[in-house]
Every structure is written in C-alpha cells, then in structure tokens.
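Have a look at the structure below before the remarks.
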Amino acid sequence: MNQFALTKEEAVLMVIDIQERLVPVMEKKEQVIGNTNILISISNELNIPILVTEQYPKGLGRTVEALKNNMGDSPIYEKTSFTACTEALVSDLEKLGRKKIIITGMETHVCVFQTVRDLIQRGYHVFVVQDGVCSRTEENYKNGLDLMDRMGAMVTNTETVFFDLMKAAGTPEFKKLSKLIK
C-alpha cells in the first residue's frame with residue numbers, strides 16, 4: 001500500500017511547462033493554475049521540494065506570473081526535450097533522495113505523459129494530479145491520463161493529495177492550509 005500513500009518526507013512537486021504562450025490555448029487553464037498554486041502553497045509550508053520545467057522558453061515564454069509569485073527560489077529547468085527528465089533535473093532529483101513525485105502541468109498527453117513514463121522507468125512513484133494537468137483537447141487529456149494510469153501512475157486530485165499529506169485535522173499546518181481547498 002506504500003505506493004498509494006504520500007508523506008511530506010518522501011514527496012517532490014514537479015510543475016511541468018505552465019508557460020505564458022502555452023496557457024492561453026488551454027481550456028482548463030484557470031483550474032490548472034489554481035490547483036498548482038494550492039499544491040505549491042502546501043509544498044512551501046511542508047518543506048516539500050518543488051522542481052519546475054519550461055519547454056523552449058524562447059518560444060513558449062516563461063512560467064506564468066501567477067505561479068512564479070508563489071514558487072520562491074524553486075529551480076527552473078529549461079528543456080527542449082518533451083520529457084522533463086533531463087540530465088540536470090534527474091541529477092537534482094536523485095540528490096533529494098525522495099521517491100514520490102506529484103505532477104502538475106501541460107500538456108497531459110505530451111510533456112506530462114513522457115515525464116511520467118520516464119520517472120516510472122527510473123523507479124519513482126508518480127502521482128498525476130488530474131485537476132492539475134490539461135491538454136488543448138479533452139480527447140488528448142483523457143488519453144494521456146489513461147496511458148499514465150495503465151503505466152502505473154497514481155491518477156489523483158488536488159484534494160486527495162492535500163488530505164494525504166496532512167494526515168490529520170487539527171495540526172497547525174492543517175489549520176493554516178485548509179482554507180486553500182474550501
């Protein structure tokens with residue numbers, strides 16, 4: 001059952017390619033940005049490392065300001081490969097020594113899918129936040145989630161991740177963060 005459980009000590013949040021020129025063509029952009037911000041806030045409070053990628057920023061722009069303002073000094077990895085598993089990111093991820101990766105980002109069936117596949121192949125337990133990822137079309141979104149589910153990723157949602165990381169009500173962290181999901 002361990003592969004289904006998230007703990008703050010084992011988790012990393014990975015934000016994939018939520019960028020200025022990509023966001024406008026996404027139907028669920030507000031939901032993805034909002035839920036990613038919730039997960040960033042949780043990660044900040046619980047000291048969960050955050051890794052951010054940008055696909056070809058010269059063409060697609062940088063991470064949207066709505067997220068950057070909340071990310072602090074989280075490292076940003078520029079890439080031209082569709083997978084986020086670049087040499088630099090994988091090296092830094094290995095140094096963290098954490099094996100559970102929470103994924104948000106764009107697009108579900110391309111960069112998110114390829115990253116999840118590569119992380120699973122490297123032995124990571126991957127949690128794809130279905131209300132924190134999107135594609136330009138609903139068909140591609142659903143197909144990407146289905147493929148990742150069949151590969152062994154845990155397809156989850158923002159609230160499930162929140163409550164799993166919190167473990168119990170009444171803690172100072174829960175009291176501070178619970179307003180994010182109301």
Radius 9 Å from Cβ of residue 6, net charge of other residues (Lys, Arg +1; Asp, Glu -1): 0
So how far apart, in nm, are the two label points at residue 30 and residue 160 if each is 7 Å from Cα heading toward Cβ? 2.5
Give the relative contact order (percent, whole number) for the chain; include only Cα pairs under 8 Å separated by 6+ residues. 26
3J(HN,Hα) from dihedral phi, region 31-37, Karplus parametrisation 6.51/-1.76/1.60, rounded to Hz, x for glycine, proline: 4, 5, 5, x, 5, 5, 5
Expected unfolding gain across residue 78-residue 122 under the 0.36 nm per residue rule, minus the alpha-carbon gap, is 13.8 nm
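Taking Cα pairs under 8 Å and at least six residues apart, what relative contact order does region 1-96 come out at, in percent?
It rounds to 32 percent for region 1-96.
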FRET efficiency, residue 5 to residue 137 (Cβ-Cβ, R0 45 Å, nearest 0.05): 0.85
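Looking at this model, which pairs from 68/95; 28/179; 100/175; 79/176 are more than 26 angstrom apart at the alpha-carbon?
Check vs 26 Å cut-off fails for 79/176.
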Among the aspartates and glutamates, which fall within straight-line cross-link reach of residue 8, defined as a Cα-Cα distance under 16 Å, with same-chain neighbours fewer than 8 residues apart omitted? 45, 159, 164, 173
Computed lengthening from residue 171 to residue 91, 0.36 nm per intervening residue step minus Cα-Cα distance: 25.4 nm
Read-out Cα extents along the principal axes in Å, derived from the coordinates shown; its label in (1) 45, 32, 32; (2) 61, 39, 32; (3) 41, 39, 31: (1)
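Laboratory data are not the source of any read-out in this text; all were calculated from the coordinates shown. Being a predicted model, the structure only gives us computed values, none of them experimental. Counting neighbours? That spans all protein chains shown, and the Cβs are built from the backbone with ideal geometry, glycine included.
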